[in-house]
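A.B. asks: After the structure tokens below, expect a handful of questions from me.
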Amino acid sequence: PGRASLAPRERQLIRFVRRGLRNREIAKELGVTEGTVKVYLHSIFEKLGVKNRTELAIRADEFLAESYLRN
């Protein structure tokens, strides 16, 4: 409750983080800059109330399931 919905691109980034990809690898996969990936991740951290990518990866399934239920 109270969490914002995740955009498709944000869900995609969470899946990449869950797989253990680094920002550089994610940027290459998406065809964007590493800076863009950092901006997306910062936004995701704020939306979901996580402090770092490790917490995001650990709780990825929970966040993705919640997001799909809202969208």
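A.B. asks: Eigenvalues of the Cα gyration tensor times 5, then square-rooted: what semi-axes does that give for the chain, in whole angstrom, largest first?
C.D. replies: 19, 12, 11
A.B. asks: Work out how much length Ala65 to Arg15 would gain on full extension: take 0.36 nm times their residue separation and subtract the Cα-Cα distance, in nm to one decimal.
C.D. replies: Extra length from Ala65 to Arg15 when fully extended: 16.8 nm.
A.B. asks: I would also like to ask the following. Aspartates and glutamates within cross-link reach of Lys51: Cα-Cα under 18 Å, excluding same-chain residues under 8 positions apart?
C.D. replies: Correct list for Lys51: Glu10, Asp61, Glu62.
A.B. asks: Shifting gears a bit: Just the accessible area for Phe45, please: 1.4 Å probe, Å², rounded to the nearest 10?
C.D. replies: Answer for Phe45: close to 40 Å² accessible.
A.B. asks: Measuring from label point to label point, each 7 Å out along Cα→Cβ, what is the Glu55 to Lys28 span in nm?
C.D. replies: 3.0
A.B. asks: Could you pull out the longest piece of the chain with no exposed loop trypsin sites (Lys or Arg not before Pro) in it, calling a site exposed if DSSP puts it outside H, G, I, E, B and it has at most 13 other Cβ atoms within 10 Å?
C.D. replies: The answer is 23-50.
The values are calculated or read from the model by the stated rules, or taken from the named source; none is laboratory data. Keep in mind that what you see is a predicted model, and the values were worked out from it rather than measured. Note that each Cβ is placed from the backbone with ideal geometry, even for glycine, and that neighbours are counted across all protein chains shown. The protein model used for the area step is the full one, side chains on, heavy atoms only, and it has no ligands, DNA or RNA in it. Shrake-Rupley method; radii C 1.70, N 1.55, O 1.52, S 1.80 Å.
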